[in-house]
Amino acid sequence: MDNQITLSRVANSLYWMGRHSERAESLIRILDAHLKLSMDLSTGTQYFWKAILSAVGCLDSYTEKYKTIERDNVLHTLILDSECSESLLNVIWHARENARSIRERITAEMWLDINELYLRISGFSESPKLDGDALLELLDDLKLRTRSFQGGWFHTMSHNKEWQFSQLGMYIERTDQISRIIDNFHRTLTELKDDASTSLFKWRAVLDSLSATEMYQKTYGVMTVNSILEFVFLNNELPRSIRFSIQAAHTALLNITENKGGSFQSNVEKKLGRMKANFDFIDIKEISQFGIEEYNERIQSRIAEVHDLIKITFFELSEEKVLSYTN
Amino acid sequence: MNNPLSEYQSKTAFDEMFFKNKVVRESHKSLKENIEGLGSEDLDSRQDLIDKSMMKMGITFNVYHDMRGTERIFPLNVIPRVIPFSEWKVIEEGLQQRIKALNLFIQDIYNDQKILKDGKIPSEYILNSSTFLKECMGITPAKSIWCHITGTDLIRDENGDFVVLEDNLRCPSGVAYMLENREIMKRVYSTFFEKSNILPISEYPDHLLSMLRYLSDVDNPTVAILSPGIYNSAYFEHSFLARKLGVPLVQASDLVIKDNKVYMKTIKELKRVHVIYRRIDDAYLDPLTFNPDSLLGVPGLFKSFRDGNVALVNAPGTGIADDKLIYTFVPEFIRYYLNEEPKLKNVKTYNCTDKTDLKYVIENLPKLVVKAVNEAGGYGMLVGPASTKEEQAEFKDKILDDPRNYIAQPVVNFSTSPSYVDGKLGARHVDLRPYIIYGEEIKIVPGGLSRVALKENSLVVNSSQGGGSKDTWIIK
């Protein structure tokens, strides 16, 4: 029947809806964690604001407009600046446009939530003044709405192939986001040359950004930089760890290709399968020896390659394929 | 509690609720009591609820085509429009008769042209129309149906009679508003719906899907809706219908022609499509046959249609019956093809290619509505009484320059219905667009989209020009 047909364009939009909604959610969590961190810091907050601008990809558009790093300007850029392509406003707009272009494929509840999410932030962008309280309230509200959207996504939409594409997008994006967060924190803290005892609470902001602090506490009890890295890179139970995300992306991919596992039938399965295997058989000592920065770079470039292969395999039906197709 | 109707003034037009002497019509008694029972404040909050839920649900149309373009709601008025069942029956039968004749006319024009040979309509009117597609000559579409979906615009004249203003046989829009309006009104007036016998319209998507499937002889045909994409002003409706029908919504780039058959590009293979409800104009369907610059079209689609490999809804070429000059001949078509008298009348129309009519039109522009024969949406027209001297002069030149391209009609002071605007109930002009589906049978769900000119005294109901809508209640 018709509902078993997955159009390439539709798969593409669902994949991007997954990516953009995850990007929005990630940014909301980072902002929330940093607003709290900046209240604890007496000096040096600008380094952290800069780290987020860089992690999110808004640094260039920020420095074009402002000379120094100021909290309010950073917040404005990250949340409401329509000229910054990665601002929350734009990311949510993209998520909603993708959803709108396949509105008939998702459920009414999902559409209502994502539409409201957009209306809320675009309505806020018209209000004249951004004070801290109003902002925290907005973030809380957005967090609630993204959770509600995800609830509908998981619990009202059939877990068909189209849904698998949205999951694939979500986990590919999440892998990339976590890697960027770790990367930028790592660079900033290295740059600051704090000794570990005074900077531990700053490392905690990495966990906060991934909403992983409580789960960390339960798993390790004691806070060390090494354990924090191990947790966010390699824990296979934490939904916002890199290993968990890669495993989930891999599962979604195999559900799409109907591959029972064991080996690969296409380049995209090969690439993502290897990434998964690498994470299954590595420990934090080896990652540290490799270099945190280098390892993050490797993750990000591999993810970009996987993304390109997804595009080629599913979204772009080549002329050759069309010509060779026989009914 | 104040009575919102206490200061209601009906105008010179036929008012649907009150007689001239302010006595309420029988058909509107219960609605009147209902409104009076609510009071102004309650109406206000209900109107507010309607506006907010439309925005929330994204029942909007796009105004601009830029990034983050403006989306507007097509405001639904809190006061419904009531038409008694006995009057609806006349409309329904009249429309069925009209569509049957129009379809026979289109089939005839692209095949034997008997009507031209019999001299019932001058050949040049057909051949000079920009909507006549010579590429369709010799074609008989699946089940001999051309105009599968029609959205006829009707107005009520000074005597209260429904007359046909336009036929709209080219992918008319608005049906999603009709269906969503009803859902919203059910929430706003739940008790009223329980108490009275308002005929349901919820079967529309079923009728539509049955018709689409009927067009293919395959056991389980694949049906798709073809849309220009999210920046099209009616995208909401395309998506809405795909959802209600449970069929894929495709864009031209999703389709490919192979061996003269239409396929969709899926994530692993090509999937054959048998029936396409297309929401793009003839000119953009196929760059090989029509507009070569079109990026919206599918190269080879027309040939596939012509050879019977895919059904297109509505069929290309249907627009010939939409030409406003051809419209004047529809009563003649009914007599010619069906040997019946038309049940619904046309609006008096002046033919600018006729010397006497042309002279009258040019001398009486301030009293007339002039329309370009192939424009829609309230564009390309002159509303005489509301126009300036300059506009009249401009139209005079245009008409004399190309008389075939214009028709003129007297200004019809069409009916008013009480409408809630700016906190008050006022008389506002309304039209009616029922949606007619021609498949195995001709089906019309009771009612349609009523559009209302929200500006006082305005006769323009188009969404792009300050119009709103009303839920239409056919009450038995």
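The values are calculated or read from the model by the stated rules, or taken from the named source; none is laboratory data. The shown structure was predicted, so the numbers you read here are calculated from the model rather than taken from an experiment. A quick note on method: Cβ atoms are made from the backbone with ideal geometry, for glycine too, and the neighbour counts reach across all protein chains shown.
Values computed for the structure shown
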item	result
Unmet criterion (only one of (1) free of Cβ contacts under 8 Å to residues at least 12 places away in the same chain; (2) exposed (fewer than 15 other Cβ atoms within 10 Å of the Cβ)) for B:P410	(1)
Every residue from the range B:291-318 that is farther than 22 Å from B:V247 by Cα and within 14 Å of chain A (Cβ to nearest Cβ)	B:P299, B:G300
Extreme residue, modelled with the highest pLDDT, among residues of the range B:11-30 that are small (G, A, S) and in contact with a strand residue (DSSP E or B) (Cβ under 6 Å, 6 or more places away or on another chain)	B:S27
Residue in the range B:257-270 that is farthest from B:L209 (Cα to Cα), counting only those that are out of contact with any Asp or Glu (no Cβ under 7 Å at 6 or more places or on another chain) and surrounded by 20 or more Cβ atoms within 10 Å (Cβ to Cβ)	B:I267
Verdict on A:L144 being within 30 Å of A:E294 (Cβ to Cβ) and away from every other protein chain (no Cβ under 14 Å)	no
Looking only at the range A:234-279, and only at residues there that are among the hydrophobic types (A, V, I, L, M, F, W, C) and within 21 Å of A:E25 (Cα to Cα), the one that is surrounded by the fewest Cβ atoms within 10 Å (Cβ to Cβ)	A:A248
Subset of the range B:134-144 (residues that are surrounded by fewer than 22 Cβ atoms within 10 Å (Cβ to Cβ) and not hydroxyl-bearing (S, T, Y))	B:K134, B:E135, B:M137, B:G138, B:I139, B:A142, B:K143
Options A:S166, A:S179, A:S211, A:S199; residue that is under 30 Å from A:G291 (Cα atoms), among the hydroxyl-bearing types (S, T, Y) and crowded, with 23+ Cβ neighbours inside 10 Å	A:S179
Residue check for B:I106: in the same structural domain as B:A315 (by TED's automatic domain parsing), outside any strand (DSSP E or B) and either surrounded by 17 or more Cβ atoms within 10 Å (Cβ to Cβ) or in contact with a Gly (Cβ under 7 Å, 6 or more places away or on another chain) (or both)	yes
Residue in the range B:213-220 that is in a loop (DSSP other than H, G, I, E, B) and among the acidic types (D, E) present	yes
Matching residues in the range B:342-374 - criterion: being surrounded by 13 or more Cβ atoms within 10 Å (Cβ to Cβ), out of contact with any Leu (no Cβ under 9 Å at 6 or more places or on another chain) and in a loop (DSSP other than H, G, I, E, B)	B:P342, B:N364, B:N374
Some residue of the range B:313-326 being in a loop (DSSP other than H, G, I, E, B) and surrounded by fewer than 18 Cβ atoms within 10 Å (Cβ to Cβ)	no
Test: residue in the range B:274-290 that is closer than 30 Å to A:N255 by Cβ, crowded, with 19+ Cβ neighbours inside 10 Å and facing chain A (nearest Cβ under 8 Å)	no
Hits in the range B:207-236 (condition: within 11 Å of chain A (Cβ to nearest Cβ) and touching a helix residue (DSSP H, G or I) at 6+ places or on another chain (Cβ under 6 Å))	B:L209, B:P221, B:V223, B:I225, B:S227, B:I230
Count of residues meeting criterion [surrounded by 14 or more Cβ atoms within 10 Å (Cβ to Cβ) and either modelled with pLDDT of 90 or more or of a type outside the set (S, T, N, Q) (or both)] in the range B:31-48	10
Qualifying residue in the range B:257-267 (condition: of a type in the set (S, T, Y), assigned to a strand (DSSP E or B) and within 12 Å of chain A (Cβ to nearest Cβ))	yes
Every residue from the range B:371-392 that is at pLDDT 85 or above and within 19 Å of the chain's Cα centre (by Cα)	B:K371, B:A372, B:V373, B:M381
Filtered residue count, the range A:1-47, keeping only those that are within 14 Å of chain B (Cβ to nearest Cβ), of a type in the set (K, R) and within 15 Å of the chain's Cα centre (by Cα)	0
Among residues of the range B:34-57, those that are part of a helix (DSSP H, G or I) and either within 14 Å of another protein chain (Cβ to nearest Cβ) or at positive phi (or both), counted	7
Considering residues of the range B:74-90 that are of a type in the set (A, V, I, L, M, F, W, C) and in a helix (DSSP H, G or I) only, the residue farthest from B:M57 (Cα to Cα)	B:V90
Residues that are in contact (Cβ under 8 Å) with a residue 40 or more places away in the chain, at the interface with another protein chain (Cβ under 9 Å from one of its Cβ atoms) and surrounded by fewer than 22 Cβ atoms within 10 Å (Cβ to Cβ), drawn from the range A:65-111	A:S82
